[in-house]
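S.K.: For reference, the structure I am asking about is given below.
Read-outs: derived from the displayed coordinates by stated rules, not from any lab. All figures in this text were calculated on a predicted structure; none of them were measured in a lab. In this analysis, Cβ positions are derived from the backbone assuming ideal geometry, glycine residues included, and neighbour counts consider all displayed protein chains.
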Amino acid sequence: MNTRLDELIAKAYQSSGAQDDVNKVYLALLQEVLFVPVEKAVLGSARDPEEPFKPLFAKVNDNFYMLAFDRLERLEVWAGEQMDSMDYVEIQGRDVIAGLGEQAFLGLNVGCELYKEFTADEVKRLKTVVARIDQLRQG
């Protein structure tokens with residue numbers, strides 16, 4: 001079953017990246033609750049209160065990718081038998097983007113038909129959108 005993000009991403013691909021369609025993908029990503037695979041907490045180990053979890057990153061061609069999924073089932077399919085050796089967090093897309101490093105990529109729904117890679121430049125653009133939204137909320 002396709003998700004809202006799937007449909008928006010498909011439309012953006014079909015329109016060859018028309019800015020209006022891309023913007024809809026960006027806004028939906030920021031609003032969506034995402035499932036991010038993280039390192040499994042070791043019993044008895046103290047967690048840094050500043051970093052309550054450690055996302056799993058993939059390194060491909062010297063680029064670091066944080067992985068996120070818009071459905072838990074998609075994360076489970078991707079992880080397969082490795083699911084028992086990791087945890088996951090549910091986190092809003094805007095918070096994923098806000099916490100992502102400047103040079104990191106975001107891989108959304110790896111292994112799915114409508115997988116989307118958000119490049120470091122796209123992540124920077126999304127960070128700008130998050131900052132503007134935060135300013136509007138505070139102002």
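S.K.: Calculated FRET efficiency, V38 and L136, Cβ-Cβ r, R0 35 Å, to nearest 0.05?
M.R.: Step by step, r from the Cβ atoms, then E = 0.70.
S.K.: A further question follows. Divide the volume of the convex hull of the Cα atoms of region 79-139 by its number of residues and quote the answer in cubic angstrom per residue.
M.R.: Value for region 79-139: 106 Å³ per residue.
S.K.: Using each residue's phi in region 56-70, evaluate 6.51 cos²θ - 1.76 cosθ + 1.60 at θ = phi - 60° and report the 3J(HN,Hα) Karplus result to the nearest Hz, with x for Gly and Pro.
M.R.: Per residue, the Karplus-derived 3J(HN,Hα) values read 7, 10, 10, 10, 10, 6, 6, 10, 9, 10, 8, 9, 8, 9, 8 Hz.
S.K.: How compact and how long is region 51-119, expressed as Rg and Dmax of its alpha-carbon atoms in Å?
M.R.: 11.8, 32
S.K.: Oh, and also: So, with +1 on the Cβ of K and R and -1 on the Cβ of D and E, and no other charges, what is the size of the charge dipole of region 55-114 about its Cα centre, to the nearest 20 debye?
M.R.: Charge dipole of region 55-114: 200 debye, to the nearest 20.
S.K.: Would you compute, from DSSP H runs of 4+ residues alone, the mean residue ellipticity of the chain at 222 nm, taking -39500 (n - 2.57) per run and dividing by the full residue count, rounded to the nearest 500?
M.R.: Value at 222 nm, helices only, nearest 500: -13000 deg cm²/dmol.
S.K.: Right, something else. L27 versus Q82, label points 7 Å from Cα toward the beta carbon: distance in nm?
M.R.: The two pseudo-label positions are separated by 3.6 nm.
S.K.: Between the DSSP loop rule and a limit of at most 15 other Cβ atoms within 10 Å, which GluC sites (Glu not before Pro) in region 81-127 are left?
M.R.: E102, E113
S.K.: At a threshold of 8 angstrom on Cα-Cα distance, excluding pairs fewer than six apart, so keeping six or more, what relative contact order does the chain reach in percent?
M.R.: So the answer I get is 25 percent.
S.K.: Sticking with this structure for a sec: Length gain on complete extension for the stretch K11 to D95, per 0.36 nm per residue less the alpha carbon to alpha carbon distance?
M.R.: Full-extension gain reported as 27.8 nm.
S.K.: List the chymotrypsin sites (Phe, Trp or Tyr not before Pro) within region 68-130 that DSSP assigns to loop and that have no more than 14 neighbouring Cβ atoms inside 10 Å.
M.R.: Qualifying residues, ordered by number: Y115.
S.K.: What is the sum of charges around K24, taking Lys and Arg as +1, Asp and Glu as -1, for the other residues whose C-beta is under 11 Å from the C-beta of K24?
M.R.: -1
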